[in-house]
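The values are calculated or read from the model by the stated rules, or taken from the named source; none is laboratory data. Remember, it's a predicted structure, so these values are computed and weren't measured experimentally. Note that each Cβ is placed from the backbone with ideal geometry, even for glycine, and that neighbours are counted across all protein chains shown. Accessible surface areas use protein heavy atoms only, side chains included; no ligands, DNA or RNA. Shrake-Rupley method; radii C 1.70, N 1.55, O 1.52, S 1.80 Å.
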Amino acid sequence: MPRSAGKNPPAWPEEGPLPLAAGQVAAFDAKGWAFAPAFFAPAEIAVMSGWIDELLARPETPGAHWVYHQPSLVDPSRALVQRIENFCPHHDAFDALARRSKMSRAAEQILKSPVRLFKEKINFKEPGGAGFELHQDQQAGWSRYAPLFVTAMVCIDPATIENGCLEVADGLGRLDRLIADEWRPIDERETEGFSVRAFPTAPGDVVFFDSFVPHASKVNTTSSRRRMLFFSYNSLEHGDQRDAYHAAKRASFPPDIERRPGSEYKFRV
Ligand SMILES: O=C(O)CCC(=O)C(=O)O
Ligand SMILES: [Fe+2]
């Protein structure tokens with residue numbers, strides 16, 4: 001199994017100017033999320049898109065990257081790749097991007113501390129791919145690992161209202177607590193006092209958001225896919241939680257190739 005086809009990954013500068021402007025950090029401090037338009041150049045997004053293709057082309061084998069499928073909502077006989085997780089250990093170039101790049105530096109700027117990579121995923125949202133109900137990422141049991149995470153969402157394909165772009169809570173200020181129980185979506189009663197707005201993005205845009213920001217997205221009703229990368233980080237003071245998280249997730253919600261026939265696994269949030 002090739003660890004990475006990218007023998008000479010592009011240099012993702014570890015040093016250099018701080019990637020986010022003071023105003024972006026201030027916006028994050030005030031509301032828990034910040035928009036970084038054109039954070040990556042078109043050529044960098046093209047490179048990442050190629051890495052995604054490499055991962056998709058690899059065979060699914062137990063112990064490798066984690067691939068999850070879903071039935072198409074437009075043609076349920078078709079299984080779509082919904083997402084790929086836990087790929088950095090199997091792809092050196094993605095690993096460098098995740099851990100030693102202007103993106104990880106931006107996460108450090110936001111958390112005001114060195115960071116550790118907690119988890120990463122690619123959401124494909126193919127035509128007919130399902131949306132995500134309103135949730136805070138911290139609801140997915142993340143408090144067992146650290147009290148706060150910041151996620152960098154990297155837009156690969158144009159994300160529009162029609163193909164199910166990110167939707168974020170607006171008018172809440174900065175939340176530092178769960179507004180709903182763990183392991184279930186936020187319900188309507190719990191959304192009093194804020195609205196959720198669609199946030200279309202272009203390839204290269206990055207949205208940084210913390211693990212308490214309520215967010216959602218809708219089904220993709222178009223004929224093209226909407227790929228997004230998500231890299232989640234925690235402050236170094238809370239340690240490297242990656243292995244503990246992935247061991248627990250592997251037991252409760254393993255990738256499709258590792259599933260035991262007859263067992264039921266339920267995606268909860
Ligand atoms: O891909 C999306 O639209 C949102 C995904 C998300 O919020 C999640 O996977 O936790
Ligand atoms: Fe989420």
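Things to note:
- Hits in region 64-92 - residues which are touching a residue at least 60 places away in the same chain (Cβ under 8 Å) and more than 17 Å from the chain's Cα centre (by Cα): Ala64, Gln70, Leu73, His90, Asp92
- Flag for Ser113 being among the hydroxyl-bearing types (Ser, Thr, Tyr), in contact (Cβ under 8 Å) with a residue 24 or more places away in the chain and part of a loop (DSSP other than H, G, I, E, B): yes
- Selection within region 195-246 - part of a strand (DSSP E or B), open to solvent by 50 Å² or more (accessible area, probe 1.4 Å) and either free of Cβ contacts under 8 Å to residues at least 12 places away in the same chain or closer than 26 Å to Pro19 by Cβ (or both): Arg197
- Verdict on Arg105 being touching a residue at least 60 places away in the same chain (Cβ under 8 Å) and open to solvent by 10 Å² or more (accessible area, probe 1.4 Å): yes
- Of all residues in region 55-72, those that are out of contact with any strand residue (DSSP E or B) (no Cβ under 8 Å at 6 or more places or on another chain) and buried (at least 17 other Cβ atoms within 10 Å of the Cβ) total 2.
- Selection within region 58-99: residues that are modelled with pLDDT of 95 or more and among the aliphatic types (A, V, I, L, M). The member of this set that is nearest to Arg116 (Cα to Cα) is Ala98.
- Taking the listed residues Ile156, Ile161, the one that is within 13 Å of ligand 1 (Cβ to nearest atom), more than 17 Å from the chain's Cα centre (by Cα) and modelled with pLDDT of 95 or more is Ile161, with no other qualifying.
- When every residue of region 145-156 is checked against the conditions, at least one turns out to be out of contact with any strand residue (DSSP E or B) (no Cβ under 8 Å at 6 or more places or on another chain) and closer than 13 Å to Asp210 by Cα.
- Counted residues, region 116-149 - those being without any contact (Cβ under 8 Å) to a residue 60 or more places away in the chain and more than 14 Å from Arg242 (Cα to Cα): 0
- Matching residues, region 116-126, being crowded, with 20+ Cβ neighbours inside 10 Å and in contact with a Cys (Cβ under 8 Å, 6 or more places away or on another chain): Glu120
- Qualifying residue in region 127-147 (condition: in a loop (DSSP other than H, G, I, E, B), open to solvent by less than 10 Å² (accessible area, probe 1.4 Å) and near ligand 1 (Cβ under 10 Å from one of its atoms)): yes
- Hey, Leu172 farther than 23 Å from Glu60 by Cβ and in contact with an Asp or Glu (Cβ under 9 Å, 6 or more places away or on another chain) or not: no
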